[in-house]
Each structure stands twice: as C-alpha cells, then as structure tokens.
Amino acid sequence: MIDKGDTAWVMVCSALVLMMTIPGLALFYGGMVRQKNVLATLLQSLAVLCVVSIQWVLFGYSLAFGPDKGLGIIGGLDWIGLRGVGPAPYAGYAATIPHTVFMLFQMMFAAITPALIAGAFAERMKFSAFLLFSLLWAVLVYDPLAHWVWSEGGFLHKLGALDFAGGTVVHLSSGTSALVCALVIGRRKGYPRTPMLPHNLPMTIMGAGLLWFGWFGFNAGSALEASGIAANAFLTTNTAAASAAMGWMLIEWKLRGKPTALGTASGAVAGLVAITPACGYVGPMAAILIGFAAGILCFGGCHLKTKFGYDDALDVVGVHGLGGTFGAIATGLFAWKAINAGGGDGLFHGNAAQLGTQAIAVVATIALSAPLTYGILKLVDATVGLRASEEDEVNGLDLSQHSENAYQSGSSMGEHRVAMVSEAKAVEPVLTSEAIAR
Amino acid sequence: MKKIEAIVRPSRVDEVKEALASVGASGMTVTEVKGFGRQKGHKELYRGAEYVVDFVPKARIEVVLTDEMVPQAVEAIVRAARTGKVGDGKIFVTPVEEAVRVRTGERGDVAL
C-alpha cells in the first residue's frame, strides 16, 4: 500500500543523496587538490555518478537487491534492466513506497561510494583508468556488499548486523579500498617532500556544508518512511556532525595551537560517517559521544599516512575508513531497542553479542573490499594503465587529461596567450590585415 | 635618473604610496611578489599537518625618479614602510639610462 508521504520523502532524499556526490563531494575534494587538478577531481565525481547510474539500471540493482541465489552472496539477474521493478511496492524492502523509488534511493548510494574512493588516488590517476576502475568496483565490490548487508537474502543481514544507512557498505568499503588504492598506485610525484596544499578551502567548506545537508537524505531517508525513526536519524545525524566538528576543532587547537576551518569541516564529515550505521538505532546522547570520539579519532587517523608513508591524498582512509569502522563498532555499543524496536540492543543495553556481530560485518567488509580492489587495480593497470605519465602529472590532470584550465588569468595579458587553434583556421580570412583594412 | 625598487610589507603599501607622492613621485608600479630574506616563512596547518611556507607575500614598488629626488624618496619609503620587526623589506637603487613617454615620444627627465 503506497503512502504518499513516505514516497515523497524518499524521493526527496534520493535527490539529496545525489547532491552529496555532485556538487557536495566534488567541491569538498575539488578544493583540497592543487589548482592544476581541480577540474579532473570535480569531473571524477560527476563521471562516476553517470557510470554507476547506468550500471545500476542495467544490472547493478539486480545484482545487489535481486532475489538471492543461495548463500546470501549475490542477487541474480532476475531484475535485469529493472524488469519487474515498477510502481508497485516491494514489501521485502519498503512496503509503502514504489519499488522504483527504493531502487532510485539505493542508486544514489551506489554512486557516491566509488566517488569517495577517488580522494585516495587524487591528482595522479588517468581518467580512462578511473572510469574503468569505478565501473568494475561498483559491479564487483559494491553490488555484492550491498547485497550482503541490505538485501533480504544477504548473509550479514540475516546475521543481524546493524547498518542503518551504510557505514559498512559505503564508508568502510570505500575507506578500505582507498587504502589499497593509495598503496598500489603509489605516491604523487614529490610527496611528501613537496607540500601539496589545498588550492581553494572555501570550495571545500561549501562542499562539506552540502554533504552535511545531503546527509539528512542519506541517513533519515534510510528509514524509507517519513516516520519517528527518520526523525531520530535526522536528529542523531546533526548532533553527531556538530559534536565531531567540535571534537576535531578542539583537539587540533590543543595539539597544534590553532582551530582550523578545514579541520572543523573534516570533523563534521567524520561525525557524519561515524553516525551513519548508528543513526536509526541510537539516541541523541549517544550521538554526541559517537560524534566527539569520531572527530578526535579521525584527526589522529589523518596522521597515519605520514607515519606509514602512503599517500592517501584527501584522507579517505583517515576519515571514511576509520570513521566507518568506528561507527559500525559504536552501533554495537549504543544501539537501543527503545529508540528503534526494529533494531537491536548494543553492549551498553545488555547485548554484548551485537558487538561481535558488528565486528563480523567489519571484517567481512574489509575481506571483500581489499582483495577485490587490489585485483581490479592490477587489471586496470594491465589494460589501460593506472597512472598518468610523470609529465602529465606534473602538468596537472586538468590539462593533460581534459585539455582544460579551471581558472583563466584575470589579467588582460592572459588573453593574448590563448590562440584559438581549431577555430583560427575557419576564420582565418577575416583576421588578415587586408580584411581588417577593408 | 634612477630606479628605486622597494620590497615592502603588503600592509604598508598605501603608506609608501602616499609618502612617495608627497615627495613628488608622479607614478609607480606595484607588483605582488613572494620571497624570503631574514624573515623566515610562516606555518600553515592542514588537517593537523604543519607546513612551513618559505615564501612570504611582499609588495614590490618600482618608481623611476630624477637623481636629486632619490635621497628624499628613499627616506620617505623607509619611514613609511618601517615597523621595526624582521621582514620590513629592502630598497634597491639602480641607474636608469633612458625613459620615454610612449604617447609623446618625450625623453629623459621630462618623460617621468
């Protein structure tokens, strides 16, 4: 039975989650890279949304959410091309909204996840390699993992693992894969001797704001109904983000002497990541604790790369990997049936077993993502080649991969440097001095 | 004719401009530049990582004056640009062979 309120809410939430990828994540990442790579970075978010959307409609949704083929590992091709996915609700997932709306909501999750990974190999991967990697990753990692955790036949779902909005499926999987990517593709040329500073932090802060805004769709929308559970998820989401932003700001202030804008914004994102699996199962007091701890933890997490020497350019491991792991575990601590009767009780509410189940979900997610990501990277490297050439990397991906330049010089002299090579031929006669004299 | 090239703190540019105008300079060129001398760079923080930025922003003021104006002009710049802390800048004076006003073709001191 379709409920119009639920349907409207989840449709709006789907659009909010889309906004997290583009422009939210695109701006968040785009501001953190150097000027010569900003367009390439923005385009990665945009392109992955396109690739995954098509993949999802063709067969991705069927693989992830289609009827299980035994074992709880993968859905089949029963819903290939969205056959049988239409206006009627599918009660196994959401009884009050059209099946199409559930599919669309899930599509936006599938799109943002590989887009998150891109922060690890930012500023050095070839665009062709990026497209191929993202497509393969969506099919081989995301689709099965979404099946394990969220489909009615998935084995982690049956085990009772709690993941309200995608802590394991989205953040832990992207964070784990990000680490593998950073290790396989190697450091950017000059890292860490050459400082590689963010070129436009206002852009990053704007992106963080849009992520936060969109996250209400991500988390509260995951209730799949306009209900009290959704309202609770909305509340815990905002509370954890605020608490984590404060946590990061304060620890940085204490240890480094100054509170920073990038740090505070990063803290907010860390809090949003950490509360994601828990948001529909915990109360606001737990959200304050989870958020604050996530802010401090992820601040520390961003130093791991300097310690171990890998170049996770935009800290996907430190924020999404660590934040996702912590959130999944914290769900096993703070989950409470008084908040959501459909959820479970965590350790602090007398059910230690839930913590174990959450740990299994974490291990299973890492066990799926890490080796498959490694295999995909090797395959891409052997076919189209992973890395841009050294010269292309130095000149910047904007110019080398896309023949574009984000910021034209504002001076009048800048214009003289630009010769319109392709159009100059067509209009050549007009530009001759005789023509001007005439 | 001599050219005075003064590297000063960006925060003192307005004062230097006014000081130069008050001693009779009728034009000047200002450029935003980066560099370092005894004032070392500053610290920047990104996600808790500290970076030392070697090159500090400075303003370079170039002005060409007649020989007799130079001592006063240098004095004026020093007065206007000085804060007393490391990083106040430098002034270089070099001889200039010729000056031409493009519009009229005038040469020498009258072209300034």
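Taken together, the values in this text are just the output of simple stated rules run on the coordinates, not laboratory data. All values derive from a computational prediction rather than experimental measurement. Every residue, glycine as well, gets a Cβ built from its backbone with ideal geometry; the counts of neighbours run over all protein chains shown.
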Checklist line | Cross-link reach list, aspartates and glutamates versus B:Lys85, counting only Cα pairs under 17 Å and skipping chain neighbours closer than eight places | finding: B:Glu15
Notebook entry, point to check: Going by how many other Cβ atoms sit within 10 Å of their own, how do B:Val93, A:Val180, A:Val273 line up, fewest first?
Noted result: B:Val93, A:Val180, A:Val273
Item checked: Too-long pairs where the Cα-Cα distance tops 29 Å, listed order kept, from A:Lys36/B:Lys3; B:Lys3/B:Lys34; A:Lys258/A:Lys337; A:Lys307/B:Lys43; A:Lys4/A:Lys69 -> A:Lys36/B:Lys3; A:Lys258/A:Lys337; A:Lys4/A:Lys69
Next item on the list: Round to a whole angstrom and tell me the spacing of the C-alpha centers of segment B:47-83 and segment A:144-209.
Entry: 48
Check: On average over all directions, what projected area in square nanometres does chain A have, based on the convex hull of its Cα atoms?
Finding: 24.7
Next item on the list: Would you kindly give the portion of the calculated P(r) for segment B:2-111 that falls above 19 Å, as a percent of all Cα pairs?
Entry: 51
Check: Counting only complete DSSP H runs, which helices of chain A cover 20 Å or more along their long axis at the Cα atoms and score a mean Kyte-Doolittle of 0.0 or above?
Finding: A:4-19, A:38-55, A:99-117, A:201-220, A:228-256, A:261-275, A:284-301, A:352-383
Check: For A:Pro67, what charge total do you get from the other residues with a beta carbon under 9 Å from its beta carbon, if Lys and Arg give +1 and Asp and Glu give -1?
Finding: -2
Notebook entry, point to check: Tilt of helix B:13-22 relative to the longest C-alpha principal axis of chain B, in degrees (0 to 90, nearest 10)?
Noted result: 20
Next item on the list: Filter the trypsin sites (Lys or Arg not before Pro) in segment A:147-243 down to the DSSP loop ones having no more than 11 other Cβ atoms within 10 Å, then list what survives.
Entry: A:Arg193
Item checked: Virtual spin-label span in nm between B:Gln39 and B:Thr104, 7 Å along Cα→Cβ -> 3.9
Checklist line | Exposure proxy order (Cβ contacts within 10 Å, fewest to most) of B:Val102, A:Val384 | finding: B:Val102, A:Val384
Check: How far is the Cα center of segment A:324-394 from the Cα center of segment A:57-78, in Å?
Finding: 20
Notebook entry, point to check: In debye, nearest 20: dipole of the protein assembly as shown around its Cα centre with unit charges on the Cβ of K, R (+) and D, E (-)?
Noted result: 1080
Notebook entry, point to check: For chain A, modelled as a GNM with alpha-carbon contacts under 10 angstrom, which of A:Ser227, A:Ser174, A:Ser45 fluctuates the most?
Noted result: A:Ser227
Checklist line | Placed amide H near B:Lys58: partners under 5 Å, 5+ positions off or other chain | finding: B:Val33, B:Lys34, B:Gly35
Check: Which of B:Gly37, B:Gly48, B:Gly87 moves the most in a Gaussian network model of chain B with Cα springs under 10 Å?
Finding: B:Gly48
Note to self: For A:Trp137, A:Trp212, which order do you get if you count the other beta carbons within 10 Å of each Cβ and list the fewest first?
What the structure shows: A:Trp212, A:Trp137
Notebook entry, point to check: Top mean-square fluctuation among A:Thr100, A:Thr276, A:Thr365, Gaussian network model of chain A, C-alpha springs under 10 Å?
Noted result: A:Thr100
Note to self: Within 10 Å of each Cβ in B:40-53, how many Cβ atoms from other chains are there, averaged over the peptide?
What the structure shows: 6
